[in-house]
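Engineer: Dropping a structure here in structure tokens format, bear with me for questions.
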Amino acid sequence: IHRNNLIINLFISTMLLIGLITGLLHYMVIIPVQRLTKAAKAIAKGNLGKEIPVTKSKDEVGELTSAFREMQASLIKLTTDLKASSEELKKMYDFQKKLIENSIDGIVATDEKRNIVIFNERAEAIFGYSQEEVVGKMKIDELYPPGVSKKIERVLYDDNFGGRGRLANYETVIINKKGEQVPVWLSAALIHGENGKEIGTVMVFRDLTERKELEEKILQSERLATIGRGVSYIGHEIKNPLIIIGGFTQQVLYSTKDEKNRQKLQIVLEEIERLNQFLTSISDFTKFTKPQLSVSNINDIVNEVHNLIELELKDKQIKFVKSLDPHIPESLLDIKQIKQVLLNIIKNSIEAMPGGGNLTVITTLKNDHILIKIKDTGKGISAENLKKIFDPFFTTKPKGSGLGLAISKKIIEAHKGKIFFESELGKGTTCVISIPIER
Ligand SMILES: Nc1ncnc2c1ncn2[C@@H]1O[C@H](COP(=O)(O)OP(=O)(O)OP(=O)(O)O)[C@@H](O)[C@H]1O
Ligand SMILES: [Mg+2]
């Protein structure tokens, strides 16, 4: 019994000891390690700041914990640094992207195989393609008319156009999506990689259309001014003898009895009158005078013009329809000049309706502008001619001077207004004039 008791006691104390040790182990090792594991998992998931539980013990578990803490600290620092530099990079990238995107010039870059890799907004406007249609899908050569691409490559490698591998303000043409040629200024440079190998080309395009048009306009007005000076001199030289010729013809006509000869002389007189009018038109056009502005009502001017042409309209079986807005305020206008414009346009309409028709004149007020519409049901103007009707001397009439609309446009523009035509062949023509109201 004594021995049995001893064994039982020993067994119980052993069990207690084991329990104690296990508990101690649990408290000192397993729990901290579990906590560490949990923290490590959280850190791995991205929660870098996850607090690592404190262990006061100086054993392996304590060391493990402090090693963990150190690792966590350097991890946090590393990530923060990384974040900062990637933000910096992104900022720089965004800035460069914006710089390219918002450039007033078209920027196109290619890789070494001439595939387009950059195509900015302005390039979209110049070439008419969207970025998606071009980047990674087209080669630069497709943006030039045949042969031009080769030539550009040649000058790019030539020393004489801004240095080898560079091109500065080279005047050339591109071909846009519609297949139209557009004049451009091209600057280009080869891009070299770290080993000096060519890895692409960057090109800057500047649209020259507007400049070309402006140059053309200046040239045209210079030409016109020169012509004008010459013409007014010649006109003057012709007018005087014309008066004498006319006077003598008149005298001969009075004393001629033969009817056939009288008819011929009558024609001579008519042609002299036509020449006279032509010379007056030319001098109107070349010696254009500034509007003599006075406060006037556009409706009154329309009514005066109506009075002037009433008989002719009746004679030609043209119905005149007037719709005048009574609320249009008075404005500063040159009555004589505006009358001339309306007469020129209405005269064209009458000439376009040899078999009769309708002529409508409408005045309205729109956004501080006087709007005048003159509509006819005449033969209309072809799209091709529509582009030229304001050109001086453009006419489709055997006896026209082609100056009526050129003068009208000058007058309307001198009133800071606009004039344009819409027309459909066989249907009719509408002229729209808009003049800002000034007081
Ligand atoms: N209402 C219209 N209907 C059809 N064609 C028109 C009309 N208005 C203008 N045109 C066309 O525009 C051209 C130019 O007109 P513009 O008045 O400048 O000269 P013109 O009438 O030919 O000559 P001018 O006015 O000196 O007699 C005309 O020849 C004609 O072809
Ligand atoms: Mg005319």
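Engineer: Please find, within the stretch 258-288, the residue that is farthest from ligand 2 (Cβ to nearest atom) out of those that are under 18 Å from Pro392 (Cβ atoms) and β-branched (Val, Ile, Thr).
Structural biologist: Out of the qualifying residues, it is Thr286.
Yes or no, residue by residue, for (1) away from ligand 1 (no atom under 11 Å from the Cβ); (2) modelled with pLDDT under 95; (3) surrounded by 18 or more Cβ atoms within 10 Å (Cβ to Cβ):
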{"position": "Thr286", "(1), (2), (3)": "yes, yes, yes"}
{"position": "Ile298", "(1), (2), (3)": "yes, no, yes"}
{"position": "Ile346", "(1), (2), (3)": "no, no, yes"}
{"position": "Leu359", "(1), (2), (3)": "no, no, yes"}
{"position": "Thr363", "(1), (2), (3)": "yes, no, yes"}
{"position": "Lys375", "(1), (2), (3)": "no, no, yes"}
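Engineer: Residues Asp376, Asp325, Asp315, Asp334: which one is out of contact with any strand residue (DSSP E or B) (no Cβ under 7 Å at 6 or more places or on another chain), touching a residue at least 40 places away in the same chain (Cβ under 8 Å) and among the acidic types (Asp, Glu)?
Structural biologist: Residue meeting the stated conditions: Asp334.
Engineer: A further question follows. I'd like the full set of residues that are near ligand 1 (Cβ under 9 Å from one of its atoms) and either assigned to a helix (DSSP H, G or I) or surrounded by fewer than 16 Cβ atoms within 10 Å (Cβ to Cβ) (or both), limited to the stretch 396-408.
Structural biologist: Matches in the stretch 396-408: Thr396, Lys397, Lys399, Gly400, Gly404, Leu405, Ala406, Ile407, Ser408.
Engineer: Six or more apart or on different chains, Cβ atoms under 7 Å: show the pairs whose first residue is in the stretch 30-54 and assigned by TED's automatic domain parsing to the domain that holds Ser66 and part of a helix (DSSP H, G or I) and whose second is basic (Lys, Arg) and surrounded by 13 or more Cβ atoms within 10 Å (Cβ to Cβ).
Structural biologist: Partner pairs satisfying both residue conditions: Ala39/Lys50; Ala42/Lys50; Ile43/Lys50.
Engineer: Another one. Assess whether Ile52 counts as being within 14 Å of Gln72 (Cβ to Cβ), of a type in the set (A, V, I, L, M) and surrounded by 13 or more Cβ atoms within 10 Å (Cβ to Cβ).
Structural biologist: yes
Engineer: Would you confirm whether any residue within the stretch 379-394 is loosely packed, with under 15 Cβ neighbours inside 10 Å, in contact (Cβ under 8 Å) with a residue 60 or more places away in the chain and within 15 Å of ligand 2 (Cβ to nearest atom)?
Structural biologist: No; the residues of the stretch 379-394 include none that is loosely packed, with under 15 Cβ neighbours inside 10 Å, in contact (Cβ under 8 Å) with a residue 60 or more places away in the chain and within 15 Å of ligand 2 (Cβ to nearest atom).
Engineer: Residues of the stretch 123-156 being hydroxyl-bearing (Ser, Thr, Tyr) and buried (at least 16 other Cβ atoms within 10 Å of the Cβ), which ones?
Structural biologist: Result: Tyr129, Tyr144, Ser149.
The values are calculated or read from the model by the stated rules, or taken from the named source; none is laboratory data. Keep in mind it's a predicted model, so treat the numbers as computed, not measured. Here the Cβ is made from the backbone with ideal geometry for all residues, glycine too, and neighbour counts use every protein chain on show.
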